[in-house]
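Heads up, the thing below is written out as structure tokens.
The values are calculated or read from the model by the stated rules, or taken from the named source; none is laboratory data. Model, not experiment: these values are computed from the prediction. Cβ placement follows ideal geometry from the backbone for every residue including glycine, while neighbour counts extend to all protein chains displayed. Surface accessibility is based on the protein's heavy atoms, side chains included, excluding ligands, DNA and RNA. Shrake-Rupley method; radii C 1.70, N 1.55, O 1.52, S 1.80 Å.
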Amino acid sequence: MDRRCNIGIFDSGIGGVSVLKKIIKLLPNENIMYFGDTKNVPYGGRTKEEIQNLSRRIVEFLILNNCKAIVIACNTATIATLEMLKTQCSIPVVGIIDAGVEAVSSNGYDEISVLGTPFTIESGEHLKKIKKKNKKMKINTVACEELCPMIEEGWEKFGKRYEVLGEYMSHIPKSSEALLLACTHYPFIIEDIQKRFEGKVIDPSEECARELFRVLKKEDILNNDKNKGRIEFYVTGDKESFKVKAEKFLGTEIKDIYKVNI
Ligand code: DGL
């Protein structure tokens, strides 16, 4: 495998850009293809089979376009597809669930809360994995059906956004010491979340980037080029609205963005 091949990162939409930002920071010389399935977002209300079918097509596209590793920058898709993709792909696949589990388990908290999509919360995946590491930890979970679609469409557009967020946050007990953002869309509104929570808000994307680094190093496929890597964006929906949101979040201009039909 050529070390200069791409890292393929995918999400249902804009959310995975929060993971992309951390990956660019840690691995600035890697070439990256970001795929946002904006025509089919949100994934969080879909069945496991639907999410698997959508993800399989994205990963086929990424592999056909010279990817040396895949990052599932979506909690929902990680839960639905990580095991399947690991057995079907001949290149490494990294998900984001273990990064979140690691981030909350290593700090000695007695009680935490987890925010995620309905699919993520109903799967009980975080609960199972955190309990394995710390049987005694109290874990509260809140399914936030409306947050991902609102962030995807543009958070500021919604006059009722603080009401909606406040309703979800009202289910988090005061005794929670940390709050895990188990949806990659939520870091886009981390300041609004932090204003409504006294403890530590945890975004697992940095830990996910570190996991990718460890995997690339172990497989001996880190890009040793001294130059800055090329970042390309592929979306299945509207290019312009994606570009505006991604540029604002990344703080840089996006030049290579393409609309694809897969
Ligand atoms: N960013 C995805 C996640 O982390 C959102 C899923 C959705 O499309 O509902 O779960």
* Please label the shape of the chain as rounded, prolate or oblate, based on the square roots a ≥ b ≥ c of the eigenvalues of the alpha-carbon gyration tensor (a/c under 1.5 means rounded; beyond that, a/b larger than b/c means prolate, else oblate). => prolate
* Asked: Of all accessible surface on the chain at a 1.4 Å probe, what whole percent is carbon and sulfur?
  -> 48
* To do: Filter the DSSP H helices in the chain by two things, a Kyte-Doolittle mean of at least -1.0 and an axial alpha-carbon span of 18 angstrom or more, and list the hits by number.
  => 48-64, 75-88, 205-218
* To do: Name the shape class, rounded, prolate or oblate, that the alpha-carbon gyration tensor gives for segment 13-120, where a ≥ b ≥ c are the square roots of its eigenvalues, rounded holds for a/c under 1.5, and otherwise prolate holds if a/b is larger than b/c and oblate otherwise.
  => oblate
* If you plug each phi of segment 27-43 into the Karplus form 6.51 cos²θ - 1.76 cosθ + 1.60 with θ = phi - 60°, what whole-Hz ³J(HN,Hα) values come out, in order, with x for Gly and Pro? -> 10, x, 9, 7, 7, 10, 10, 9, 10, x, 7, 5, 6, 10, 5, x, 8
* **Over the chain: helical MRE at 222 nm, DSSP H runs n ≥ 4 each giving -39500 (n - 2.57), nearest 500** => -13000 deg cm²/dmol
* Computed over segment 10-74: relative contact order in percent, which uses C-alpha pairs under 8 Å that are six or more apart -> 54
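Distance cut-off 28 Å, Cα to Cα: go down the list Lys21/Lys86; Lys128/Lys160; Lys68/Lys133; Lys217/Lys245 and report the pairs above it.
Long pairs (Cα-Cα over 28 Å): Lys128/Lys160; Lys68/Lys133; Lys217/Lys245.
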* Can you list residues whose amide H is under 5 Å from Lys200's amide H, if they're 5+ apart or on another chain and H is modeled 1.01 Å from N? -> Ala178, Leu179
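Under unit Cβ charges (Lys, Arg +1; Asp, Glu -1), what dipole magnitude, rounded to 20 debye, does segment 95-216 have relative to its Cα centre?
600
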* For Ile172, residues with placed amide H under 5 Å, excluding near neighbours -> none
* Length-normalised contact order of segment 1-139 in % [C-alpha pairs under 8 Å, at least 6 apart] -> 25
* To do: Specify whether the C-alpha gyration tensor of segment 1-76 places it in the rounded, prolate or oblate class, a ≥ b ≥ c being the square roots of the eigenvalues: rounded for a/c under 1.5, otherwise prolate if a/b is larger than b/c and oblate if not.
  => oblate
* To do: Give me the distance in nm between label points sitting 7 Å out from Cα along the Cα-to-Cβ direction at Trp155 and Lys86, one decimal.
  => 3.2
* Asked: With every protein chain present, what accessible area does Met150 have (1.4 Å probe, heavy atoms only), rounded to the nearest 10 Å²?
  -> 10
* To do: Just reorder Ser205, Ser90 by solvent-accessible area, largest first, 1.4 Å probe, all chains present.
  => Ser90, Ser205
* Structure fact -> Computed over segment 36-116, protein heavy atoms only, probe 1.4 angstrom, the accessible area per residue in square angstrom equals 38
* Which ³J(HN,Hα) values in Hz, rounded to whole numbers, follow from the phi angles of segment 189-204 under the Karplus curve 6.51 cos²θ - 1.76 cosθ + 1.60, where θ = phi - 60° and Gly and Pro get x? -> 10, 4, 5, 5, 6, 4, 4, 9, 9, 7, x, 8, 8, 10, 9, x
* Structure fact -> Relative contact order in percent for segment 151-262 (Cα pairs under 8 Å, 6+ apart) equals 20
* Structure fact -> Per residue, accessible area of segment 128-224 with a 1.4 Å probe, heavy atoms of protein chains only, in Å², comes to 56
* Asked: In segment 103-203, what trypsin sites (Lys or Arg not before Pro) fall in a loop by DSSP, with at most 14 other Cβ atoms inside 10 Å?
  -> Lys135, Lys136, Lys160, Lys174
* What net charge do the residues around Tyr258 carry, taking every other residue with its C-beta under 15 Å from that of Tyr258, with Lys and Arg at +1 and Asp and Glu at -1? -> +1
* Asked: Roughly how many Å is it from the Cα centre of segment 106-156 to that of segment 1-76, as a whole number?
  -> 21
* Structure fact -> Treating only Lys and Arg (+1) and Asp and Glu (-1) as charged, each at its beta carbon, one finds that the chain has a dipole about its Cα centre, in Debye to the nearest 20, of 620
